[in-house]
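Have a look at this one.
The values are calculated or read from the model by the stated rules, or taken from the named source; none is laboratory data. Every value quoted in this text rests on a predicted model; they were computed, and no experiment measured them. Virtual Cβ from ideal backbone geometry, glycine too; neighbours counted across all protein chains shown. SASA here: full protein model, heavy atoms, side chains in, ligands and nucleic acids out. Shrake-Rupley method; radii C 1.70, N 1.55, O 1.52, S 1.80 Å.
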Amino acid sequence: MKKTLLAIATALLATTASAANFVSVDVDRVEDNKGAVSTAQYFRAGKDMGKLNLGLQVRTATFEKGGMLNSVEGTVGRDFKLGGHGFNGFVGVGHDNGFNGAAGKSFQYGLVGVSTGAKMGPVWGFGGVKTRVNWDSANPKQTVGFAGVSMPVTKDVSASLSASRSWGDIKETAFGVGVRVGF
């Protein structure tokens with residue numbers, strides 16, 4: 001399963017990086033419910049293909065007291081309208097390497113979520129929620145709610161501020177900044 005997920009992630013990376021609609025880099029300050037603080041770095045890329053949206057996210061969190069977590073997620077989504085407002089529903093798979101990549105601590109998971117956005121004056125507001133769908137009950141459960149604003153800097157570059165909160169087995173609060181380049 002791990003090799004299959006890595007092959008999917010590699011294929012998504014090759015597809016999205018070479019012909020992406022966007023790539024972004026974000027850095028968040030994250031604090032969990034036990035007081036552990038980390039800096040999470042995100043690389044995201046997305047590509048519209050027909051009526052589908054392909055996405056790739058690589059997250060690396062480095063803890064102030066030492067240690068690291070890394071995960072890779074690939075998603076497939078589709079836009080839809082509900083009550084006249086646009087949304088994007090998505091499903092995906094992920095691989096978490098476990099704390100410091102310890103042997104036997106990595107795991108795979110599924111994802112399901114929805115996001116939305118709207119122009120708010122000079123900025124673009126966005127938000128959504130995603131949850132892990134674990135096929136192994138021993139794996140940690142986590143649902144993440146996120147929101148933010150993105151401000152155009154140039155025609156193809158925007159800067160963003162974001163916040164997120166998660167609940168379930170993994171409870172974190174994060175605040176971040178990012179840069180997105182559109183193609």
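Rounded to the nearest 500 deg cm²/dmol, what is the calculated helix-only ellipticity per residue at 222 nm for the chain, with -39500 (n - 2.57) per DSSP H run of length n ≥ 4? Before the final figure, lay out each step's value.
Details: 1 runs with 18 residues, N = 183.
Result for the chain: -3500 deg cm²/dmol, rounded to the nearest 500.
With the contact rule set at Cα under 8 Å and sequence spacing of 6 or more, what percent relative contact order holds for the range 43-163?
The value is 14 percent.
How big is the dipole moment of the range 59-183 about its Cα centre under a simple scheme where the beta carbon of each Lys and Arg is +1, that of each Asp and Glu is -1, and everything else is neutral? Debye, nearest 20, please.
About 220 debye.
May I ask you to evaluate 6.51 cos²θ - 1.76 cosθ + 1.60, the Karplus curve with θ = phi - 60°, for each residue of the range 175-183 and list the ³J(HN,Hα) values in order in whole Hz, giving x for glycine and proline?
9, x, 10, x, 10, 10, 10, x, 10
Also, quick follow-up: Spelling out what I want: for every residue of the range 48-57, take phi, set θ = phi - 60°, compute 6.51 cos²θ - 1.76 cosθ + 1.60 (Karplus), and round to whole Hz; glycine and proline get x.
Karplus-based 3J(HN,Hα) across the range 48-57 equals 8, 9, x, 8, 9, 10, 9, x, 9, 9 Hz.
Also, quick follow-up: Students often get this wrong: which residues of the range 105-125 have the backbone nitrogen under 19 Å from the point 7 angstrom along Cα-to-C-beta of M151?
118-125
Quick query: amide H of G98 versus all other amide H atoms, modeled in the peptide plane; which residues come in under 5 Å with a sequence gap of 5 or more or a different chain?
N70, F107
Sort 165-176, 115-126 by packing, meaning the average of other beta carbons within 10 Å per residue, with the highest value first. Provide the component values of the computation, followed by the final result.
Working: 165-176: 15.8, 115-126: 13.3.
Ranking, from highest mean packing down: 165-176, 115-126.
Regarding the range 109-154, what whole-number volume in Å³ per residue does the convex hull of its Cα atoms give?
Per residue, the Cα convex hull of the range 109-154 comes to 76 Å³.
Where the accessible area of the chain is counted over protein heavy atoms with a 1.4 Å probe, how much of it, in %, is carbon and sulfur?
Roughly 64 percent of what the probe reaches on the chain is carbon or sulfur.
On to the next question. Considering only protein heavy atoms, what per residue accessible area in square angstrom results for the chain with a 1.4 angstrom probe?
56
Quick one: Karplus J couplings for the range 97-112, per residue in order, coefficients 6.51, -1.76, 1.60, θ = phi - 60°, nearest Hz, x for Gly and Pro?
Per-residue couplings from phi come out as 6, x, 4, 6, x, 4, 4, x, 9, 7, 7, 9, 8, x, 9, 9 Hz.
Please report the accessible area of T39 (heavy atoms, 1.4 Å probe, ligands and nucleic acids excluded) in Å², nearest 10.
Surface accessible to solvent at T39 totals approximately 60 Å².
Given a Förster radius of 30 Å and the C-beta distance between V37 and S106 as r, what FRET efficiency does 1/(1 + (r/R0)^6) yield to the nearest 0.05? Display every interim value, and only then the final one.
Values: r = 23 Å, r/R0 = 0.77.
Efficiency, rounded to the nearest 0.05: 0.80.
Okay, moving on. Let me check I have the definition right: for the chain, take the eigenvalues of the Cα gyration tensor, multiply each by 5, take square roots. What are those semi-axes in whole Å, largest first?
Working: eigenvalues 130, 78, 55 Å².
Three semi-axes, in Å: 26, 20, 17.
Quick check on my link table: of K81/K119; K47/K171; K65/K119, which ones sit more than 28 Å apart, alpha carbon to alpha carbon?
K47/K171; K65/K119, as the Cα separations exceed 28 Å there.
Okay, next question. When only alpha-carbon atoms are used, what values of Rg and Dmax, in angstrom, describe the range 28-117?
My reading of the Cα-based Rg and Dmax gives 15.8, 49 Å.
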